[in-house]
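Peer 1: This structure is in structure tokens; I'll ask about it shortly.
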Amino acid sequence: MAKKKISIGKTLVYLFLICWSVTTIYPIFWVIENSFKAKDKILANSFVLPFGDLFTLANYRKAFNNLNIFQAYKSSIFISTTVSLAVILLAGMAAYALSRYRFIGSGIINSLVVAAMMFPVFATIIPVFSMEYKWGIANTSSWFLTMLSVILPQVAGNLSFAIVVLMGYIKGLPIELEEAAYMEGCNAFQIYFKVILPLTKPSFATVAIFSFLWSYNDLFTQMFFMRTPDKYAITMLLNQLTSKEGTNYGLMAAAVTLVVVPVIIVYCFLQKYIIKGMTAGAVKG
């Protein structure tokens, strides 16, 4: 069996990718291994593995004792899951309508969807906060209303990206499948749920995962709408910890690990859906 020759160019590409992956992965590993060291030993032994006398669980014990970690996880998971579900529901139907139907104003709506991606959240947060305050859902003592006040801006912020991604995939699907379903007596909603959804699962999975991760890591919106510790999400809790324990690097490393590791686990299990969803639309049609 003939051996495949690896060209110099491909070797250089692999070396570059290896170096890039090391520079990306090592900081995460560095934070995790320093979370198992006492704060007075991190500066002198920051690049030494936590074995023997260096190893301690004190940072994690302090984090769980002093911080309401589980309540913060509950808030984060509730917000991120709700945002993901709302985005795929609304963006999916909007993408299907804009991809397959021509109506008065459809071109303008298409342009507005793309234009909406150009406006950062910083430019809209003040009017959004004023609007939600008038609705009575911002700055309240209700846990559910506080969560809702964070969910609505995050859903709006993710919709444009989701619609653009799903439109690119739906446009690549053969129209003959929908015509056949229409000839069988299916209406627009039945075609969408029975034909479009099963064929666009990878793309929907990509949108759901990215929406979940962006919502999970969104500190800026949480800082405006979460004002009491009992309602903090996990990133807001980390922000408060940083301001209070600015020199306790061990506790900060433990808190960062508690925030980052769940995201890494989610990505490891769902990475095939992310990659498949991002590439499938590019090779269709």
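Peer 1: With label points built 7 Å along Cα→Cβ from the Cα atoms of F16 and K74, find their separation and express it in nm.
Peer 2: Once both label points are built, they end up 4.9 nm from each other.
Peer 1: Within straight cross-link reach of K74, meaning Cα distance under 18 Å, which aspartates and glutamates are found once same-chain residues fewer than 8 apart are removed?
Peer 2: Partners within reach: D218, D230.
Peer 1: Would you mind checking the range 71-108 for residues with the amide N under 13 Å from a putative spin-label position 7 Å along Cα→C-beta of M183?
Peer 2: none
Peer 1: Right, something else. For F16, F225, what ranking results if the residue with the fewest other Cβ atoms within 10 Å of its Cβ goes first?
Peer 2: Values: F16 10, F225 26.
So the residues, fewest neighbours to most, are F16, F225.
Peer 1: By per-residue mean of other Cβ atoms within 10 Å, what is the highest-first order of 156-168, 130-142? Don't skip to the end; give the middle numbers.
Peer 2: Working: 156-168: 21.6, 130-142: 14.4.
Those peptides, ordered most packed to least, come out 156-168, 130-142.
Peer 1: A further question on this structure: First measure r as the distance between the Cβ atoms of K272 and K171, then evaluate 1/(1 + (r/R0)^6) with R0 = 30 Å and state the FRET efficiency to the nearest 0.05. Spell out each step's value before the answer.
Peer 2: On the way: r = 23 Å, r/R0 = 0.78.
Calculated value: 0.80.
Peer 1: Need the C-alpha centroid separation for the range 94-148 versus the range 161-217, integer Å.
Peer 2: 21 Å
Peer 1: Related question: Based on the Cβ-Cβ distance of I264 and I8, what FRET efficiency does E = 1/(1 + (r/R0)^6) give at R0 = 35 Å, to the nearest 0.05? Provide the component values of the computation, followed by the final result.
Peer 2: Details: r = 34 Å, r/R0 = 0.97.
So the FRET efficiency works out to roughly 0.55.
Peer 1: Something else now. What aspartates and glutamates does K41 reach when the alpha-carbon gap must be under 13 Å and sequence neighbours fewer than 8 apart in one chain are set aside?
Peer 2: Straight-distance partners of K41: E33, D53.
Peer 1: Rounded to the nearest 20 Debye, what is the dipole magnitude of the chain about its Cα centre when Lys and Arg each give +1 and Asp and Glu each give -1 at the C-beta?
Peer 2: Numbers: 22 positive and 11 negative charges, 132 e Å.
For the chain, the charge dipole is close to 640 debye.
Peer 1: When a footprinting reagent is the concern and you count Cβ atoms within 10 Å, what order do R100, R61, R227 take, fewest first? Please list the in-between numbers first.
Peer 2: Working: R100 17, R61 11, R227 14.
Listed from fewest to most nearby Cβ atoms, that is R61, R227, R100.
Peer 1: When a/c reaches 1.5 or more, the comparison of a/b and b/c decides; with that in mind, is the chain rounded, prolate or oblate per its Cα gyration tensor? Intermediate values should be presented prior to the final figure.
Peer 2: On the way: a/c = 2.59, a/b = 1.33, b/c = 1.94.
In terms of gyration-tensor shape, oblate.
Peer 1: Between I125 and T228, take the C-beta separation as r, use R0 = 22 Å, and let me know the FRET efficiency to the nearest 0.05.
Peer 2: Numbers: r = 19 Å, r/R0 = 0.87.
That gives a FRET efficiency of 0.70.
Peer 1: By how many nm would the segment from L112 to N45 grow when fully extended, if each residue of separation counts as 0.36 nm and the alpha-carbon distance is taken off?
Peer 2: 18.8 nm
Peer 1: A further question follows. Work out how much length T24 to F193 would gain on full extension: take 0.36 nm times their residue separation and subtract the Cα-Cα distance, in nm to one decimal. Numbers along the way, then the final one.
Peer 2: Details: separation 169, 0.36 × 169 = 60.84 nm, distance 3.97 nm.
Stretched out fully, the T24 to F193 stretch lengthens by 56.9 nm.
Every number in this text was worked out from the coordinates using simple rules, so none of it is lab data. A quick note: this is a predicted structure, and the numbers were derived from the prediction, not measured. Neighbour counts run over all protein chains shown; Cβ positions are idealised from the backbone, glycine included.
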